[in-house]
Structures are given as C-alpha cells and as structure tokens.
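To start, the structure itself, in structure tokens.
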Amino acid sequence: VIACDRDSEALTRADARLKDLNTNYALALSDYRNLDKVLADQKVEEIDGLILDLGLSSNQLDESNRGFSFKRDEPLYMTFASPEDKPLVTAGSIVNDWSEETLADIIYAYGDERYAKRIAKKVVEAREVKEIETTNELVEIIRAAVPAMYRRGKTHFATKTFQAIRMTVNDELGALSEGLKKGFDRLKKGGRMSIISFHSGEDRIIKNYFRERVKNKEAILINKKPITPTDEEILKNPRARSAKLRILEKII
C-alpha cells in the first residue's frame, strides 16, 4: 500500500493505524497529482488499484486550526499543507489581495454561490478598512453581504464561500485532473480506480475523464451511475451526504 497526503498529521495518523498490521506500506508527504514521482521513489512501475478520497477530512475540519471551519475563530490558511511550509497561496492572501472580479468568479464557480458578487464586494470594502485575518471576520463579512432570509437557510450562509476559497487555495480541481491521468497511466490491465468526490465540479471532471477512457476502448465503467450513501449512512455521518463513488476498470 502506497499512500500520499499533503498533510503530515494525516500521515502520522495513518502510520499509527497501519504499523501493527501485517502489511507492507509506504507513506509519502505529497499531493496525488505527483503520483508519478511518488511511485518512482518506491520503484513501482504499475499499480493494481487507485483510491482517491477527495476534499478535506473531518480531522482537518475539526482539529487542524487552519481555518477550514466557520464554527471556530481560526487564522485564514485553509491549506492542506502545514502552514509552517509557508504555502504561496492561503485563504488570507486570496481575500486580501485578489481582485473583486476574481473573488466573485471563484466563489461562484467553486461554491455555486448565488450571492458571489455581493460577497466579493463586501470583502473588498472590508479589507480597505483593515486586513481580514480570521474566519470569524470573514463570516461576518459574508453575513453582511447576503439577505436575512439566506442567513436563516438550512445550510450555513458561509458554507459555499469557504468551500470555494479552500478549493482555490489547494488547486483541488487542477490536482484532480493531473491525478486522474497519472493514476490511469500507472494502472495494470484489470486494475481499477475508485474515486469519491463531494463536489459537483469534481464529479464532472471524473465523469468526463471516465467517459473518454470508455469511448477510447481503454476501460469499462464498473458502475454506470455513481454510488451514493444510504439514508442510514447519512444519519450516522451527515458529512457523507454529498459523496459520489465512481469506479473504472482498465482493459488494455
């Protein structure tokens, strides 16, 4: 088993779970978009299967202190990598430095947020007064930008904006496109790639990539429609509600 993650804390947890099992494994502090380099380091030419679990983990959301959640006041990082690595792009740099037009575009495209333009305008107005430094400050800016009825909705009014900024910070859709190609290239004949997504933009990229491989007669779909969680699973784990699993098998 070869596992990679950009978060060193995730690798530490994985190591604690795996170390007492009778299995060979290697952990790499890397993005799966660098799968070719990770496998080269392990001197592995082909793989039997690939599993990608996209997005962020519950640990990152609940415990990382990186600003992924709007439920606590934390610094605006939202990076999967450790802040000590000094990533070039953080949530703070996006909300304080990027243009109003670009902010509106990413909030709409990655968050499907209907009030993207209003939120971007309020962000720019707020940062002219002082730098936006914490999640609470950003939440209050979003609160001021959206209508009262939207603030009382079933989904928290900041959810979509936080998701959009996080996806931008980590270039999640770009990483997915690269990871799909590199993963399929390394699959053995008969090997499968299984991908769990939580966002419509992710699922669209996966669906189109799988369709292209099938069209080229390189692979077959194991499930023509995505596998989604049961009501029972959602009850136990509400964060699974938007999950979609697609599986592809290589045939050449």
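The values are calculated or read from the model by the stated rules, or taken from the named source; none is laboratory data. Computed from a prediction, not measured in an experiment: that's the story for all the values here. Note: ideal-geometry Cβ built from the backbone for every residue, glycine included; neighbour counts use all protein chains shown. Accessible surface areas use protein heavy atoms only, side chains included; no ligands, DNA or RNA. Shrake-Rupley method; radii C 1.70, N 1.55, O 1.52, S 1.80 Å.
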What ranking of Arg118, Arg33 comes out by heavy-atom accessible area, probe 1.4 Å, highest first?
Arg118, Arg33
Considering only DSSP beta bridges whose two residues both sit in the chain, what percent are antiparallel, to the nearest 5?
50 percent
Lys, Arg +1 and Asp, Glu -1 on Cβ, resulting dipole of segment 1-120 about Cα centre, debye, nearest 20:
220 debye
Kindly sort Arg151, Arg246 by accessible area of their heavy atoms, largest first, with the probe set to 1.4 Å.
Arg151, Arg246
Ignoring ligands, DNA and RNA, how do Lys225, Lys154 rank by accessible area with a 1.4 Å probe, largest first?
Lys154, Lys225
GNM on the chain, Cα springs under 10 Å; top mean-square fluctuation among Gly67, Gly191, Gly92 goes to Gly191
Taking the solvent-accessible surface of protein heavy atoms with a 1.4 Å probe, what is the per residue accessible area of the chain in Å²?
58 Å²
With all protein chains present, calculate the accessible area of Asp20 using a 1.4 Å probe and round the result to the nearest 10 Å².
130 Å²
Test of understanding: express the Cα radius of gyration of segment 39-146 as a ratio to 2.2 N^0.38 Å, with N the residue count.
1.31
Expected 222 nm ellipticity per residue - DSSP helices of 4 or more, -39500 (n - 2.57), all of the chain, to 500:
-14000 deg cm²/dmol
Taking Cα centroids, how far is segment 15-42 from segment 197-252 in Å?
24 Å
Counting only protein heavy atoms with a 1.4 Å probe and every protein chain in place, the carbon and sulfur fraction of the accessible surface of the chain in whole percent equals 49 percent
Please compute one quarter of the surface area of the Cα convex hull for the chain and express it in square nanometres.
15.2 nm²
To the nearest 20 debye, what charge dipole does the chain have about its Cα centre, counting +1 at the Cβ of each Lys and Arg and -1 at the Cβ of each Asp and Glu?
1220 debye
